[in-house]
1. I need the strands (runs of 3 or more DSSP E) fully contained in region 41-103, keeping only those with at least 3 residues that are under 14 Å from the mean Cα position of the chain (by Cα).
2. Taking Ile233 as the residue in question, decide whether it is open to solvent by 20 Å² or more (accessible area, probe 1.4 Å) and without any contact (Cβ under 8 Å) to a residue 40 or more places away in the chain.
3. Which of the residues spanning region 158-178 are buried (at least 18 other Cβ atoms within 10 Å of the Cβ) and either farther than 23 Å from Lys126 by Cβ or more than 12 Å from the ligand (Cβ to nearest atom) (or both)?
4. For region 98-131, how many residues are of a type in the set (A, V, I, L, M) and closer than 15 Å to Ser175 by Cβ?
5. Anything in region 59-109 that is small (Gly, Ala, Ser) and either surrounded by fewer than 20 Cβ atoms within 10 Å (Cβ to Cβ) or closer than 14 Å to Gly135 by Cβ (or both)? List them, or say none.
6. Given the structure, is Val132 under 18 Å from Pro157 (Cβ atoms), within 11 Å of the ligand (Cβ to nearest atom), surrounded by 17 or more Cβ atoms within 10 Å (Cβ to Cβ) and within 17 Å of the chain's Cα centre (by Cα)?
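The values are calculated or read from the model by the stated rules, or taken from the named source; none is laboratory data. Values in this document were obtained by computation on a predicted structure and should not be read as measured data. Please note: Cβ atoms are built from the backbone with ideal geometry, for glycine as well, and neighbour counts cover all protein chains shown. Ligands, DNA and RNA are excluded from the accessible area calculation, which covers all protein heavy atoms including side chains. Shrake-Rupley method; radii C 1.70, N 1.55, O 1.52, S 1.80 Å.
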Amino acid sequence: MKKILGILLFILMGAIVLSKEVLYVGTNAEFAPFEYMENGEIIGFDIDLINKIGEKIGKEIKIKNIAFDGLLPALQTNKIDLIIAGMTVTKEREKFVNFSNDYFVANQVIIVPENEGTIINMDSLKNKKVGVVLGYTGDLIVSKIQGVNKVQYNSAPSSIMALKGGNIDAMILDSAPAQSYVAKNKGLKIIEIDSEVEKYAIAAEKNNENLIKKINKALEEIKAEGIYDELIIKHFN
Ligand code: ARG
């Protein structure tokens, strides 16, 4: 009897050691090249990066695709452990979550039809119909300019469609996704503006300091070992 119990205990302990703890990571896969769907699979820079971090800290990563404005609530209600979603660190978001060190620097740009000549900066958006994505930092920035006819969309691709269809005059989006969508959609161009620098970081729950520390260490290693640069080349040509 004792022997059997001993064996069972041994097997149980082995199973515990072997089974990696899972980290549920929320994203919103409508933000190429950071996260997007291809053949029913969620792929992109962020997805590769978080998997590398998972390897470093010994956790299995399971990705959950959630609406962008549902990410923070999902984290706060423990439905997910982390967010990686090209998410910009903002004062407002910092009230609710802990951010890692930043892993990417971006800014906002304007996307217009190729033949558009009057939109040259943020001020020239006055009296224009400007597409934004609900809850994105670009949404907040456009809200600050008076006299803009802001139109909110649920995703960047749907705002791109509206722009191509002539339903809006311009749209605002983060620089890297803007380049990616303009490259894939004919007839659009990018107008650079002097917008504030935005830093993307991974978010964890407020009281999860320990996890953020581990992630920061993993991020440092990933950069030092050249893995970060490889991912940049892979996803940004
Ligand atoms: N950087 C912007 C923000 O934080 C947009 C992020 C959108 N990300 C996404 N995965 N859909 O608001």
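1. Details: elements: 41-43, 59-65, 97-99.
Counting at least 3 such residues, we get 59-65.
2. yes
3. Initial filter on region 158-178 (buried (at least 18 other Cβ atoms within 10 Å of the Cβ)): 159-160, 163, 168-174, 176-178.
If the condition is that a residue be buried (at least 18 other Cβ atoms within 10 Å of the Cβ) and either farther than 23 Å from Lys126 by Cβ or more than 12 Å from the ligand (Cβ to nearest atom) (or both), then Ile160, Leu163, Ile168, Asp169, Ala170, Met171, Ala176, Pro177 are the ones that fit.
4. Filtering region 98-131 for residues of a type in the set (A, V, I, L, M) gives 105-106, 109-112, 119-120, 122, 125, 130.
Narrowing the set further to residues that are closer than 15 Å to Ser175 by Cβ leaves 105-106, 109-112, 122.
Total meeting the criteria: 7.
5. Taking region 59-109 as the starting set, the residues that turn out to be small (Gly, Ala, Ser) are 67, 70, 74, 85-86, 100, 106.
Answer for region 59-109, where residues must be small (Gly, Ala, Ser) and either surrounded by fewer than 20 Cβ atoms within 10 Å (Cβ to Cβ) or closer than 14 Å to Gly135 by Cβ (or both): Ala67, Gly70, Ala74, Ala85, Gly86.
6. On the way: under 18 Å from Pro157 (Cβ atoms): yes; within 11 Å of the ligand (Cβ to nearest atom): yes; surrounded by 17 or more Cβ atoms within 10 Å (Cβ to Cβ): yes; within 17 Å of the chain's Cα centre (by Cα): yes.
Answer is yes for this residue.
Residue-by-condition table, conditions (1) within 24 Å of Asn101 (Cα to Cα); (2) surrounded by 15 or more Cβ atoms within 10 Å (Cβ to Cβ); (3) more than 16 Å from the ligand (Cβ to nearest atom); (4) modelled with pLDDT of 95 or more:
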position: Phe10; (1), (2), (3), (4): no, no, yes, no
position: Met13; (1), (2), (3), (4): no, no, yes, no
position: Leu18; (1), (2), (3), (4): no, no, yes, no
position: Leu23; (1), (2), (3), (4): yes, yes, yes, yes
position: Gly26; (1), (2), (3), (4): yes, yes, no, yes
position: Phe34; (1), (2), (3), (4): yes, yes, no, yes
position: Met37; (1), (2), (3), (4): no, no, no, yes
position: Glu41; (1), (2), (3), (4): no, no, no, yes
position: Asp46; (1), (2), (3), (4): yes, yes, no, yes
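A quick yes/no check of all residues on (1) away from the ligand (no atom under 12 Å from the Cβ); (2) aliphatic (A, V, I, L, M):
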site	(1), (2)
Lys59	yes, no
Lys62	yes, no
Ala67	no, yes
Ala74	yes, yes
Asn78	yes, no
Leu82	yes, yes
Met87	no, yes
Thr90	no, no
Ile111	yes, yes
